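K.L.:
Structure incoming, see below.
Please treat every number below as a calculation from the coordinates, not as lab data. This is a predicted model, so every value here is computed, not measured. Because the Cβ atoms are built from the backbone with ideal geometry, glycine has one as well, and the counts that use them run over all protein chains shown.
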Amino acid sequence: MLRNEVLQMMEGLKLRGMLAVYDEALTNGRKRHLTPEKIILELLEAEAAERQTRSIRYRIGQARFPVIKDLDTFNFKEAFVDEAQVRSLYEGDFSKTTPT
C-alpha cells in the first residue's frame, strides 16, 4: 500500500526519473544494504538525468533543425526541377574528366 502511495505522489509531482527506477533502486538498495540516504541519492540522480534528457530533447525540438532529406525521398514533381540533372550532379558526373 505504501508503495502505491509513493508512486502516486511521484507521478503527481512529475518525478518521472524517480518513478522509472523506484523499484530497482529499492531492490538494489536492500540487496547491497545501502543506507536510506544512498537510496534517495540514487533516486535523485535518476531524476536529474531524466530532467537533463528532457531538457536536451526540448532544446533540439525548439532549434527546428532541418529534416535530413535524400534523393530517394525527394519529390521532384513538387520541386519543379530536372530530376536527371540533379541526379547527375549528385553522382558527380560533372567532375569526371575524360582523357584526351
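K.L.:
For the chain, modelled as a Gaussian network with Cα springs under 10 Å, which listed residue fluctuates most, Leu44, Leu89, Leu13?
P.N.:
Residue with maximal mean-square fluctuation among Leu44, Leu89, Leu13: Leu89.
K.L.:
Still on this structure, please answer the following. Hey, what angle do you get for helix 16-31 against the long axis of the chain, alpha-carbon based, 0 to 90 degrees rounded to 10?
P.N.:
50 degrees
K.L.:
Give the separation of the Cα centroids, region 35-80 to region 1-27, in Å.
P.N.:
23 Å
K.L.:
Along the charge dipole of the chain, pointing to its positive end and built from +1/-1 on Cβ of Lys, Arg, Asp and Glu, which listed residue (Ile56, Ala20, Met10) has its Cα farthest out?
P.N.:
Comparing the listed Cα positions along the dipole, Met10 ranks first.
K.L.:
Taking the Cα centre as origin and putting +1 on Lys and Arg beta-carbons and -1 on Asp and Glu beta-carbons, what dipole magnitude results for region 47-98, to the nearest 20 debye?
P.N.:
Charge dipole of region 47-98: 400 debye, to the nearest 20.
K.L.:
What length, rounded to one decimal in nm, is gained on full extension from Thr35 through to Asp82, with 0.36 nm per residue of separation minus their alpha-carbon distance? Provide the component values of the computation, followed by the final result.
P.N.:
Details: separation 47, 0.36 × 47 = 16.92 nm, distance 6.94 nm.
Difference between extended and current length: 10.0 nm.
K.L.:
Going by the alpha-carbon gyration tensor, a ≥ b ≥ c the square roots of its eigenvalues, is region 39-85 rounded (a/c under 1.5) or, if a/c is not under 1.5, prolate (a/b greater than b/c) versus oblate? Write out the running numbers ahead of the final one.
P.N.:
On the way: a/c = 7.93, a/b = 4.50, b/c = 1.76.
Judged from the Cα gyration tensor, region 39-85 comes out prolate (a/c at least 1.5, a/b above b/c).
K.L.:
Assign one of three labels to region 1-44, namely rounded, prolate or oblate, based on the Cα gyration tensor with a ≥ b ≥ c the square roots of its eigenvalues; rounded applies when a/c is under 1.5, prolate when it is not and a/b is larger than b/c, and oblate otherwise. Please list the in-between numbers first.
P.N.:
Working: a/c = 2.31, a/b = 1.68, b/c = 1.37.
It is prolate, given that a/c is not under 1.5 and a/b is the larger ratio.
K.L.:
Could you give me D for the chain, from Stokes-Einstein at 37 °C and 0.692 mPa s, where the hydrodynamic radius is the Kirkwood radius over C-alpha pairs? Units µm² s⁻¹, please. Walk me through the numbers before you get to the answer.
P.N.:
Details: Rh = 18.8 Å.
Rounded to a whole number, D works out at 175 µm²/s.
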